[in-house]
Amino acid sequence: MTHGLTDAQFFDKVSSFLVVFYLALALMNGIAALYLWRSGKMKTWLKLPLPLLGKVSISNALVWLTVGMGFAVLGAAAGGRPDWLSLPESFRDMINESTGPVIYSAGTTVILIILFFFRSFFVRPAVAWTIWNLMWLFLGLSMTDRDFFEIVAKPDNVPIVMLVFLLAFFTWLGTSQAVANDKRMANGEPPLEKLGNEKVLVWPDLVYPELICMIALTAFLIFWAIALPAPLEEAASSVKTPNPSKAPWYFLGLQEMLVYYDPWMAGVVLPSLVVAGLMAIPYLDFNKAGNGYYTIKERMFSYSIFQFGFLEMWITLIVLGTLLRGPNWNFFGPYEHWDAHKVQALNNVNLSEMFWEQFMPWISSFIPWISSSSWALPGTLSLADISPSLDPSNWPSPIAWLGGIVDPFLQFFSLLFGRELPGTLLVLGYFIALPPLMALTVFRNFYKRMGFIRFMVMANLLLFMGSLPIKMLLRWIFDLKYLISIPEYFFNF
Amino acid sequence: MADKKKMSVADILAAARKSDGEGAASDGPTASKPTTAESAPATPEAAAPAKPAGKVKPAKSASGGRLSVAEMMAKARAEKGGGEEKAAPAAKKSADKKPKPAAKKPAAAKAATEPRDTASILAAARKSSKAGPMSKAEAAAKEKANPKAKAKPKILVPPMPEKPAYAKPASGTKKKAKGTADEERRDFLWVGFGSLAAVTGLWSLASLKFLFPNVRREPPSKFKVGFPGAYPAGQVQTKFKAQYGVWIANAEYNGQSQIYALKSVCTHLGCTPSWLDAEQKYKCPCHGSGFYKDGINFEGPAPRPLERCAIRIADDGQIEVDKSRVFQEEMGQWEDPSCYISV
């Protein structure tokens, strides 16, 4: 998009955007200050002793007005020298070098956990508004970086940037009500939703807002389609894949999953389980609390599992896939140039190879009576192995025919329980041994209330959900490719 | 809780008879309970309207109840004969014989006498709360004020009317003669359905034909790629990828120098990898799978090596690649001499 532009031309292009951007932010803060002032929600934060005026009370409206004026100044500066309004080069380099799939995923997890545990602090309007302003400021300051601009301003990726902001807002909206309700219920009061007259007339209370939303949304979509034309690419060709080749944005979480799993697993089994699991929720949920009002404390388990699945396993993966995956599906920092020849060492090994070729010889070097050379990948079995003295070419036709039918099965299971035994045991243990253990320990009360079948369904859905981050961790820490790898029969886990 | 129990056939019949007796005038839940107290004092009462039966209209049907057969007969006799002494025993007899329906009548009559004029209905409607939706608080207040309203009215099952003769299934002897005009019209319906099925079938066949195009714009599976001398050792030739989807490489595999053709289809999900000369690897842009120069997978999610195509030296000395035959390393097929040319 900015190819072939000189730096001066690029800054011209950015500055025309940034002026509007910063002025909109100034307006946003001004409106917030006006709202606080007119609605009588002004609060005095501190009394500042000034030499001439005496004690001046600094209220929240005044602070946001000042912030708005600050943004207006930034807007003016962006009109003149946008290159001044950027993050320091060293800071950008630091972010580029420190980010990778591991830091990104671990970082978002840690941030989400912090946000969750200190939610009563983060949902305070002043704190939330500060974070909101900082998010926009970060976006504005990063826009002057050519590589960042290239990714974020791409018409394909604009919705993802909107998604990040919208999701932050709506998560705050829900969480703040839940926190307020939890506080009220701790004091023995009913939740906010039970207070007012919650029933309204369909006409006009519902139909009017719907009509207005419909018109506003249509206008917005038309404006968007005019402002950011849909990107058209060259004609499709079966022998040419664009680099990087990205799925539609809503599938980028799936595409990220495919990096760690066999296509059959990440493309068919796990997505179907996501759908089936969501459909199963009403049948698995035995907690009657939280019906018709926001709450977190009363539904701690459901809330945390859902937010983990949605925010962590779906949204952050979409953001990762859209903004941070470049050519050859390599990871690129937000300010990094998309270099198609970036070298990344990713030598992945199957568990069976690790076990038979590295671990067993290493173990046997400690045990003198086992010769270390005897360890190798176990091979496959076939019907001919049963009587090796017979040459298969001399077999009578019925036995050869039988061998043709039996051999694939024999081969598959000998691979599954021979060469791939360590992985098979791990996977079977994970899915068969863990649910009873969970029922006896952590989920004791769940098991009592749900009964055997419902608990097993829930436990297995949970384990499948957990298998994705586990597999990612194994890939990052041990360079593990597959736990069970039988490419001969397209069976990889 | 008695009415919550499942009703036996006898109960249903009793309820049906009762409702029959009451007619249209059923007043709320109190009427639904078949009390013996209601029927016991009714027996003397039943005799009372029976006595003046001859004088006034007998067994006053204005009560809304249906007259029993005996009563109807009594009424008819009374009108015919006009004699008091004749009608009275008949009515009495009916009262003795069938005390139940007769007993209900007074109660039902009482219900029927409730005012039904427009003004009172309007007043009753106005008396109730405002129209439209109400808040939970309002609903609770209303419920408190009128707890009776919550009790569900019992549903009374009316007796099933007897099937009229015309609705009864025709007996075997009464079969319609064939060849009537009605039958002919029905036959024509089959013609219509038949032709519809035929047309649909033809159309399906026609659309099936579209799956097998007349012209297939596919490159031939067998093609020649020049003389072996054009492939210096250690190089991957990418110029046939765009047209045929293969790389021709001259490299070592298992310590043996070979010329082989690798299919440019990723074994993970079928994207087209690119050959990166600087890194000496094939790299897939979709999920980052990487393959060594000999096609063995080493990074990313690809579960198996790239596939080789059949390759041979043709009679004119040129290399000929046959894409229709592929060889998979994990199946041990790369040992097959028809998938490489030794150099």
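What follows draws every value from the coordinates through simple rules; no lab data is involved. Values in this document were obtained by computation on a predicted structure and should not be read as measured data. Neighbour counts are summed over all protein chains in view; Cβ atoms, including those assigned to glycine, are modelled from backbone coordinates with ideal geometry.
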query: In nm, to one decimal, how far is the A:E189 label point from the A:F138 one, both placed 7 Å along Cα→Cβ?
result: 3.4
- request: Mind listing the long-range amide H neighbours of B:A251? Cut-off is under 5 Å, sequence gap 5 or more, other chains count too, H placed in the peptide plane at 1.01 Å from N.
  value: B:G234, B:Q258, B:Y260
- line: Charge dipole of chain A built from unit charges on the beta carbon (Lys, Arg +1; Asp, Glu -1), centred at mean Cα; most positive-end Cα among A:W129, A:M438, A:L273 is A:W129
- prompt: Kirkwood hydrodynamic radius for the range A:134-209: how many Å is it when counted over pairs of different Cα atoms?
  reply: 16.3
statement: Computed from every Cα-Cα pair in the range A:1-157, P(r) in 5 Å bins starting at 0 and rounded to whole percents is 2, 8, 12, 15, 15, 15, 14, 9, 5, 3, 1, 0
- line: Residues whose built amide H sits under 5 Å from the amide H of B:G300, excluding neighbours closer than 5 in sequence, are A:N348, B:G290
- prompt: When the chain is fully extended, how far beyond the present Cα-Cα distance does A:K41 get from A:A77, taking 0.36 nm per residue of separation?
  reply: 9.7 nm
message: Please give the charge dipole size of chain A, origin at the Cα centre, charges +1 on K and R Cβ atoms and -1 on D and E Cβ atoms. Round to the nearest 20 debye.
response: 2340
query: Looking at this model, which pairs from A:K246/B:K263; B:K263/B:K293; A:K199/A:K288 are more than 18 angstrom apart at the alpha-carbon?
result: A:K246/B:K263; A:K199/A:K288
Net dipole in debye of the range A:1-85 [+1 Lys, Arg Cβ; -1 Asp, Glu Cβ; about Cα centre; nearest 20]: 620
message: A 27 angstrom limit on the alpha carbon distance is what I want to check against. Which of A:K240/B:K209; A:K240/B:K222; B:K283/B:K323 exceed it?
response: A:K240/B:K209
task: With r as the distance between the Cβ atoms of B:Y292 and A:Q344 and R0 = 22 Å, compute the FRET efficiency 1/(1 + (r/R0)^6) and round to 0.05.
output: 0.90
message: Run the numbers for A:S238 and A:F490: contour at 0.36 nm per residue of separation, minus the present Cα-Cα distance, in nm.
response: 88.4 nm
statement: Computed, not fitted: 222 nm per-residue ellipticity of chain A from DSSP H runs ≥ 4 (each -39500 (n - 2.57)), nearest 500, equal to -18000 deg cm²/dmol
field: Amide hydrogen neighbours beyond the local backbone of B:K222, cut-off 5 Å, H modeled
entry: B:K323
statement: In whole Å, largest first, the alpha carbons of chain A cover along the principal axes 106, 65, 54
Sparse-neighbourhood loop sites, trypsin sites (Lys or Arg not before Pro) in the range A:187-251 - DSSP loop, at most 14 other Cβ within 10 angstrom: A:K199
query: Which whole-Hz ³J(HN,Hα) couplings does the range B:259-273 yield from phi under the Karplus relation 6.51 cos²θ - 1.76 cosθ + 1.60, θ = phi - 60°, glycine and proline marked x?
result: 9, 9, 10, 9, 6, 8, 10, 5, 7, 8, 9, x, 6, 9, x
message: Counting other C-beta atoms within 10 Å, and keeping those with at most 15, which DSSP coil chymotrypsin sites (Phe, Trp or Tyr not before Pro) do you find in the range A:101-173?
response: A:F118
Trypsin sites (Lys or Arg not before Pro) restricted to the range B:179-268 and DSSP loop, no more than 15 other C-beta within 10 Å: B:R216, B:R217, B:K239
